[in-house]
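**Q** Okay, here's the structure, questions in a sec.
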Amino acid sequence: MTRYLKQNAVCVINCSWDVKELEQQLPAKMRRDLAEKKAKLFIIDATKIAVKAGLGKRINMIMQTVFFKLSAVMPYEEAVEMLKKSIKKMYGKKGDKVVKMNIDGVDASIAGIVECEVPAAWASLAVDTEASDAKTSTVAYAKGPRMFPEVQNASQFAAQVQKPCNNLDGNSLPVSAFVPGGRVPCGTSQYEKRGIAIQVPKVGMDKCTQCNKCSLICPHAAVRPFLMTSQELGKAPASFKEGSRSAIGGGVLDNYQYRIQVSPWDCTGCELCVRICPADALTLGPAEKAIQEEEANWNFAVALPDRGDEIDKTTVKGSQFQKPYLEFSGACEGCGETPHVKLMTQLFGDRLVIANAT
């Protein structure tokens, strides 16, 4: 992100860190860029401001206000007046309450801006370019230099094409890096691990009725039920074992243990699973904590044998034990289309032909 900064630029980071945490959280490459380019650095917790104003996760007006304040592209007072007029025009049909929430967000924005010192010593930081790989992101909860998890057994395409493109290095790729004809292999979304959610659902298995509705409605296939034998469960991480229960429903299910598992890196935080759960078994918690607790559990779960062929897939519950062929898409959080396509892949598997997937 900082490689494109010009000299004496202004850099604003939306994050939940305070000034003391910032040095620990920013990668060395990013800190060195800021110092070398003599950039001014500001932080703001726009999400916190948005929540307080009643806007939920919507930070667009808050960050727009920050832009006008720090960029000096036009007089700030004039810009804010125009911004508030545009709010009334855009959201007026939604009622005075929505208009007021957005204006309150604008008014609270400037007080939330914190300027951070950029020590000159940062310009001398040693950077392992291969290890850091410019790993900067908008993931406000990522820790240290490990901004994204390295996926084991990544395909050649993911390593040589997908990763550089995601790091905004696509222009540096030679033609020889691509498959002739421009074909892209399937299943590469599993390697992205975008980590864009601020809050991630946690399942209270004591409340869970094992209906699998949370999995059905998840647009990104980031919430799934898993079946495992007692022997397999014995090899699981401790928290995975604690969150597993005997499968209910009779028949072949009597042979297995059951668990709903969330992928914290693939969840987008849309909350649909929380809303649809008939037993209120899902609650939202900080994504940072979820990654620490659930990343290893997800990796264990997806390595379990696929037992979809043992279950009747013509029911809501049974369909969700089938592996989805559409997973971790780039669709917006809460997308209403991807659950339908995902379900089609679960019902028809590799017999399904999609003529147009734009």
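The values are calculated or read from the model by the stated rules, or taken from the named source; none is laboratory data. Source: prediction; values computed, not measured. So basically every Cβ, Gly included, is an ideal-geometry build from the backbone, and we count neighbours across all protein chains shown.
**Q** Restricting to the stretch 285-314, what's the tally of residues that are touching a strand residue (DSSP E or B) at 6+ places or on another chain (Cβ under 7 Å) and over 20 Å from Glu242 (Cβ atoms)?
**A** Number of matching residues: 2.
**Q** Hey, any hits in the stretch 96-118 for a residue that's in a loop (DSSP other than H, G, I, E, B), out of contact with any helix residue (DSSP H, G or I) (no Cβ under 9 Å at 6 or more places or on another chain) and exposed (fewer than 13 other Cβ atoms within 10 Å of the Cβ)?
**A** No, the stretch 96-118 has no match at all.
**Q** Inspect the stretch 266-273 for any residue being touching a residue at least 60 places away in the same chain (Cβ under 8 Å), under 20 Å from the mean Cα position of the chain (by Cα), in a helix (DSSP H, G or I) and under 23 Å from Lys317 (Cα atoms) and give the result as yes or no.
**A** Scanning the stretch 266-273, I find at least one residue that is touching a residue at least 60 places away in the same chain (Cβ under 8 Å), under 20 Å from the mean Cα position of the chain (by Cα), in a helix (DSSP H, G or I) and under 23 Å from Lys317 (Cα atoms), so the answer is yes.
**Q** So, of the residues in the stretch 1-36 that are charged (D, E, K, R) and surrounded by fewer than 18 Cβ atoms within 10 Å (Cβ to Cβ), which turns out to be farthest from Cys270 (Cα to Cα)?
**A** Top of the filtered list is Glu36.
**Q** Being assigned by TED's automatic domain parsing to the domain that holds Ala35, small (Gly, Ala, Ser) and modelled with pLDDT under 95 narrows it down to one of Ala158, Ala142, Ala111, so name that one.
**A** Ala111
**Q** Are any residues in the stretch 22-66 within 10 Å of Ser109 (Cβ to Cβ) and not polar (S, T, N, Q), and if so, which ones?
**A** Ile44, Ala46, Ile49, Ala50, Ala53, Ile59, Met61, Ile62, Met63, Val66
**Q** Follow-up. Would you call Leu70 within 13 Å of Ile113 (Cβ to Cβ), among the hydrophobic types (A, V, I, L, M, F, W, C) and part of a helix (DSSP H, G or I)? Explain how you work it out, then say what you get.
**A** Details: within 13 Å of Ile113 (Cβ to Cβ): yes; among the hydrophobic types (A, V, I, L, M, F, W, C): yes; part of a helix (DSSP H, G or I): yes.
Yes.
**Q** Answer yes or no as to whether Ser124 is surrounded by 16 or more Cβ atoms within 10 Å (Cβ to Cβ) and either of a type outside the set (Lys, Arg) or at pLDDT 95 or above (or both).
**A** No.
**Q** Could you tell me which numbered condition Gly285 fails, if it satisfies all but one of (1) surrounded by fewer than 21 Cβ atoms within 10 Å (Cβ to Cβ); (2) farther than 27 Å from Glu192 by Cβ?
**A** All conditions are met except number (2).
Residue-wise test of (1) under 16 Å from Ile198 (Cβ atoms); (2) assigned to a helix (DSSP H, G or I); (3) modelled with pLDDT of 95 or more.
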{"site": "Arg3", "(1), (2), (3)": "no, yes, no"}
{"site": "Trp17", "(1), (2), (3)": "yes, no, no"}
{"site": "Leu22", "(1), (2), (3)": "no, yes, no"}
{"site": "Met30", "(1), (2), (3)": "no, yes, no"}
{"site": "Asp33", "(1), (2), (3)": "no, yes, no"}
{"site": "Phe42", "(1), (2), (3)": "no, no, yes"}
{"site": "Thr47", "(1), (2), (3)": "yes, yes, no"}
{"site": "Lys52", "(1), (2), (3)": "yes, yes, no"}
{"site": "Leu55", "(1), (2), (3)": "yes, no, no"}
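**Q** Checking the structure you have, find out if any residue of the stretch 341-348 is under 27 Å from Lys241 (Cα atoms), over 18 Å from the mean Cα position of the chain (by Cα) and modelled with pLDDT of 95 or more. Lay out the reasoning, then the answer.
**A** Residues of the stretch 341-348 that are under 27 Å from Lys241 (Cα atoms), as a first pass: 346.
Now drop any that are not over 18 Å from the mean Cα position of the chain (by Cα), which leaves 346.
Still in the list and also modelled with pLDDT of 95 or more: 346.
Yes: the stretch 341-348 contains one or more residues that are under 27 Å from Lys241 (Cα atoms), over 18 Å from the mean Cα position of the chain (by Cα) and modelled with pLDDT of 95 or more.
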